[in-house]
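A.B. asks: Below: one structure in structure tokens.
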Amino acid sequence: MNFSEVFKLSSLLCKFSPDGKYLASCVQYRLVVRDVNTLQILQLYTCLDQIQHIEWSADSLFILCAMYKRGLVQVWSLEQPEWHCKIDEGSAGLVASCWSPDGRHILNTTEFHLRITVWSLCTKSVSYIKYPKACLQGITFTRDGRYMALAERRDCKDYVSIFVCSDWQLLRHFDTDTQDLTGIEWAPNGCVLAVWDTCLEYKILLYSLDGRLLSAYSAYEWSLGIKSVAWSPSSQFLAVGSYDGKVRILNHVTWKMITEFGHPATINNPKTVVYKEAQKSPQLGLGCLSFPPPGAGAGPLPSSESKYEIASVPVSLQTLKPVTDRANPKIGIGMLAFSPDSYFLATRNDNTPNAVWVWDIQKLRLFAVLEQLSPVRTFQWDPQQPRLAICTGGSRLYLWSPAGCMSVQVPGEGDFAVLSLCWHLSGDSMALLSKDHVCLCFLETEAAVSTACRQLGGHT
């Protein structure tokens, strides 16, 4: 495993282009585009203010930079560096901006979600969509780019409108049986739209492309409900994470629950492999402690080493007692993601924040648990194979595969605190993001990584 030199970064804004050829990163008001293979700067663009959001067009020919404070969007072309576009929403303000799937239209959401403005880069025409709902996930496109579903709120009721992306004509408009719609998401095959309600009511609705209600599912009542939702890449399964600490898997045939995965504080099943991160300093003498005392700082020592050890069941995980009298309590399934082959599901239960749970979807059982020394910030699957990358805000990168897992120190002067990460589409590299810097991590072949996992962390 090799690492690139460290480059400056602002606001964790760094993204690979969809074709995998370029890496875009932001430094204050500057946009830097590099060649992924050589890391040489190809283009350097200067925006009118500090960049708050960037997004590549689907064909990797354009990149937009949004400056929400100024209500501005600037678009840059890689093929024609002298060409650029500026979109000013004026007094309407700007809270969100994204590309349409064709890469030639930009959708801007104005302040207070009064409307969505659709700007055409080709014809310079402008269209307006009224009543967009202010929710966490209110716009979703089908994978083939043909249709857009939009959550709406009008006359104190929730609606969904389906538009044809080629001409922005309304295809279907229907109301949803929700109190306060929170999110919508198309299945990867584009045939089914999942709609879920506020966390105050457990309800998820499945609609067809023509607006027919296929099924409605509710696991319980009178308690906090859905917290996270994820489709499997095969569209066969819908995983629903909830505040009761369970993930329920719905099937695509009957839309009934086929199983539920609990997240107990103690692992008792001997078939489940539990990896515990252990930290020790190689220079310590016999009379010194292997672990830092409770009063020590949260960050690892510069000379410290970290590795995984396989723990014997039963294993008790570190739990967090939630503050129940405040909004958004740290309980329930806050993060879940399927592997690209749909064979595995990774989850994080927010009241055991140090643990990542990996479930075998074929056998519907818990496959492995990784307990870190620090709370897990994020994890992301390799786009090409079942390999999971994890970061905890420290200077280490963690990788899991069915062969085992490993812990890798990110080199550099001082501690490179990995706050986020993103994979290259090839799965051969990833970008590691800290508060002020970014570096690339280049992985070796699958066979070499599997060998390293067996050597460093044991294998299953």
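Only the coordinates and a few stated rules stand behind these numbers; no lab work does. Here the structure is a predicted model, which means the values were calculated and not measured. We place every Cβ from the backbone using ideal geometry, glycine too, and count neighbours over all the protein chains shown.
A.B. asks: Let me know the longest stretch in the chain that avoids all GluC sites (Glu not before Pro) found in a DSSP loop with at most 15 other C-beta atoms within 10 Å.
C.D. replies: Maximal segment without exposed cleavage sites: 222-412.
A.B. asks: If you don't mind, another one. Counting other C-beta atoms within 10 Å, and keeping those with at most 12, which DSSP coil trypsin sites (Lys or Arg not before Pro) do you find in region 224-263?
C.D. replies: Qualifying residues, ordered by number: 256.
A.B. asks: Restricting things to Cα coordinates, could you compute the convex hull volume per residue of region 96-227 in Å³?
C.D. replies: Dividing the Cα hull volume of region 96-227 by its residues yields 105 Å³.
A.B. asks: Oh, and also: Quick check on the chain: what does the Kirkwood estimate of hydrodynamic radius come out to from the alpha carbon pairs, in Å?
C.D. replies: 23.8
A.B. asks: Please check the chain for the longest run free of chymotrypsin sites (Phe, Trp or Tyr not before Pro) that are loop-located per DSSP (anything but H, G, I, E, B) and have at most 14 other Cβ atoms within 10 Å.
C.D. replies: The answer is 223-460.
A.B. asks: List the extent of the Cα atoms of region 151-238 along each of their three principal axes, largest first, rounded to whole Å.
C.D. replies: Taking max minus min along each principal axis of the Cα atoms, region 151-238 gives 43, 37, 18 Å.
A.B. asks: Another one. Using just the helices of the chain, give the 222 nm mean residue ellipticity in deg cm²/dmol: DSSP H runs with n ≥ 4 each add -39,500 (n - 2.57), and the total is spread over all residues, rounded to 500.
C.D. replies: The helix contribution divided over the chain gives -1000 deg cm²/dmol.
A.B. asks: Starting from the Cα of residue 271, step 7 Å along the direction of its Cβ; do the same at residue 41; then give the gap between the two resulting points in nm.
C.D. replies: With each label point 7 Å from Cα toward Cβ, the separation is 5.6 nm.
A.B. asks: What is the mean projected area of the alpha carbon convex hull for region 219-262, to one decimal in square nanometres?
C.D. replies: Averaged projected area of region 219-262's Cα convex hull equals 3.0 nm².
A.B. asks: On to the next question. Where does region 69-153 land on Rg/Rh, using Cα atoms and the Kirkwood Rh?
C.D. replies: So for region 69-153, dividing Rg by the Kirkwood Rh gives 0.97.
A.B. asks: May I pose another question? How fast does region 312-403 diffuse by Stokes-Einstein, in µm²/s, taking the Kirkwood radius from C-alpha pairs at 10 °C and 1.306 mPa s?
C.D. replies: 114
A.B. asks: Taking K and R as +1 and D and E as -1, what net charge do the other residues with C-beta under 14 Å from the C-beta of residue 206 add up to?
C.D. replies: 0
A.B. asks: Binning every alpha carbon pair distance of region 1-148 at 10 Å from zero, what are the percents per bin?
C.D. replies: The distribution over region 1-148 is 11, 40, 35, 12, 2, given as percents.
A.B. asks: Here is a further query. Can you give the local net charge around residue 361? Use residues other than it whose beta-carbon is closer than 14 angstrom to its beta-carbon, Lys and Arg +1, Asp and Glu -1.
C.D. replies: Residues close to residue 361 contribute a combined charge of 0.
A.B. asks: What lysines sit close enough to residue 227 to cross-link, taking a C-alpha to C-alpha distance under 17 Å and skipping anything fewer than 8 places away on the same chain?
C.D. replies: Straight-distance partners of residue 227: 203, 246, 330.
A.B. asks: P(r) for region 306-356: what percent of alpha-carbon pairs falls in each 5 Å bin, starting at zero?
C.D. replies: Going out from 0 Å in 5 Å bins, region 306-356 shows 5, 16, 18, 19, 19, 14, 6, 3, 0 percent.
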